[in-house]
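The values are calculated or read from the model by the stated rules, or taken from the named source; none is laboratory data. Small disclaimer: the values here were computed from a predicted structure and weren't measured. With ideal geometry, Cβ positions are generated from the backbone for all residues, glycine too; neighbour counts draw on all protein chains shown. Note: areas computed on protein heavy atoms with side chains; ligands, DNA, RNA excluded. Shrake-Rupley method; radii C 1.70, N 1.55, O 1.52, S 1.80 Å.
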Amino acid sequence: MKINFSVKKISFLFIAICSTTILFAQTIRTGNLTLPRKTDAAIKHYNSLQKIKSSPQKTGIYSDSNQFDLSRMSYRYFNNLKLRAVYIDVPLETFQIENFPANSSAQTKAEIDFLKNLADTGLNKEKVDESLSFAGVYYRNLAVPGDSDYVAMRKNLFHMGRQLGEWFAPDSLPQTANLLAKVWQDASYYIWALKFKYNRIRPYSLDASLKNITDPYFPAYPSGHSGNSYVAAYVYSELLPGYKNLFVQNAYDMAFSREILGVHFPSDSEAGRIFARQFVNLLLQNKQFAAELVKAKAEIKKVMKTKIIPADVLSKKSCAKPGAVCNPASCN
């Protein structure tokens with residue numbers, strides 16, 4: 001009896017493995033990507049700052065009772081919580097985003113010191129002007145054809161790959177534009193829900209001596225510019241994996257621009273990046289998204305056949321981590 005039971009058990013296990021292998025092969029062939037992508041480690045100042053103690057300190061100079069004053073915020077921002085789900089409809093708790101560092105923590109003090117030093121020594125007019133221009137790169141989810149900002153909104157969807165050339169735009173790639181617009185809508189709901197959940201004060205409101213160049217009227221954590229930019233970068237990395245580092249570098253620059261303007265803690269930017277990776281991993285498990293991703297890939301492949309990628313972009317293809325200097329000789 002024991003021998004027969006073992007044979008049956010082994011046979012069942014063999015069938016299960018074979019079935020799983022066949023299903024996995026079919027999944028890859030149809031573009032239904034189910035394997036999550038690894039979250040890259042934090043880089044540069046994000047890596048060093050996150051190692052500092054983030055828990056409340058009795059001797060901290062900033063009060064933990066300080067939160068963002070929601071009375072300053074326009075009610076229209078709450079409309080983001082009414083956005084209908086397109087691909088992703090999961091509980092907010094699905095996203096494993098840690099609480100932000102306590103106001104009184106050593107980490108928050110270090111982050112504010114970093115922002116102060118950046119404002120005092122690390123900026124020039126060109127960088128500030130660029131950061132101010134990046135502030136206008138967002139997507140209004142309710143934009144429809146005929147709206148005065150519709151063309152600009154659709155163009156913003158391609159900001160993470162703008163260096164690829166004029167062809168990388170909604171007119172040339174309408175299916176890709178539609179895909180990114182729907183992705184942005186889903187991501188926006190969760191980013192805003194997280195902002196209202198944590199209700200983090202802006203750094204310049206916590207420390208009045210910190211210089212801020214703009215004044216966003218909504219909570220800080222996580223950064224929307226960071227989250228949406230990294231979401232777009234990770235989706236475009238699925239469409240054009242050879243240019244992943246270009247897309248991610250652009251997302252990094254967008255996130256950092258908010259620190260340059262003094263409106264975000266570095267930990268806001270990092271939380272946006274971490275959210276984006278988790279969010280896109282969920283997208284890759286969604287059948288509707290996977291099917292539309294395949295169509296967008298085909299569209300891009302067809303259009304690219306007749307286009308020339310700028311030489312300086314080709315020289316940086318698939319090299320250098322974000323925030324690092326690219327050595328063209330090491331690119332592939």
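Principal axis extents of the C-alpha atoms in the range 77-234 (largest first, rounded to whole Å): 47, 41, 27.
Maximal additional length on extending the Gln163-Lys197 stretch stands at 8.7 nm, based on 0.36 nm per residue less the C-alpha distance.
With a Förster radius of 45 Å applied to the C-beta separation of Phe78 and Thr306, the computed FRET efficiency comes to 0.50.
Sequentially through the range 259-268, phi angles give Karplus couplings (6.51, -1.76, 1.60; θ = phi - 60°) of 6, 4, 7, x, 9, 9, 5, x, 5, 5 Hz, Gly and Pro residues having no value and appearing as x.
Computed over protein heavy atoms with a 1.4 angstrom probe, the accessible surface ordering of Ser226, Ser148, largest first, is Ser148, Ser226.
Within a straight-line Cα-Cα reach of under 12 Å, Lys182 can be paired with the following aspartates and glutamates, leaving aside sequence neighbours fewer than 8 residues apart in one chain: Glu292. The Cα atoms of the range 197-260 define a convex hull whose projected area, averaged across directions, is 4.9 nm². With both labels modelled 7 Å from their Cα along Cα-to-Cβ, the Val151 to Ile43 distance reads 3.5 nm.
The listed residues His225, His264 rank as His225, His264 when sorted by accessible area, largest first, using a 1.4 Å probe. Within the accessible surface of the range 243-302, defined with a 1.4 Å probe on protein heavy atoms only, the carbon and sulfur portion equals 56 percent.
Two numbers describe the Cα atoms of the range 138-201: Rg and Dmax, which are 13.6, 41 Å. Sequence-ordered 3J(HN,Hα) estimates for the range 96-106 from the Karplus curve with 6.51, -1.76 and 1.60 and θ = phi - 60° stand at 8, 9, 5, 4, 5, x, 4, 3, 7, 6, 5 Hz, glycine and proline given as x. Annotation: for a label point projected 7 angstrom from Cα along Cα→Cβ of Val313, residues of the range 159-197 with backbone N closer than 14 Å are 159-173. Rounded to the nearest 10 square angstrom, Leu164 shows an accessible area of 0 square angstrom against a 1.4 Å probe.
The largest accessible area among Tyr204, Tyr138 belongs to the first residue in Tyr138, Tyr204, and the rest follow in falling order (1.4 Å probe, all chains). Where a Cα-Cα gap under 15 Å defines reach, which aspartates and glutamates qualify for Lys82, not counting those fewer than 8 residues away within the same chain? Straight-line reach from Lys82, under 15 Å: Asp186. Taken one residue at a time, the phi angles of the range 37-48 give Karplus couplings (6.51, -1.76, 1.60, θ = phi - 60°) of 7, 5, 7, 5, 5, 4, 10, 6, 5, 5, 5, 6 Hz. Gly and Pro are set to x. The Kirkwood radius of the range 244-319, taken over pairs of alpha-carbon atoms, gives through the Stokes-Einstein law at 37 °C and 0.692 mPa s a diffusion coefficient of 217 µm² s⁻¹. Computed about its Cα centre, the charge dipole of the range 65-123 is approximately 320 debye, with only Lys, Arg, Asp and Glu carrying charge at their Cβ.
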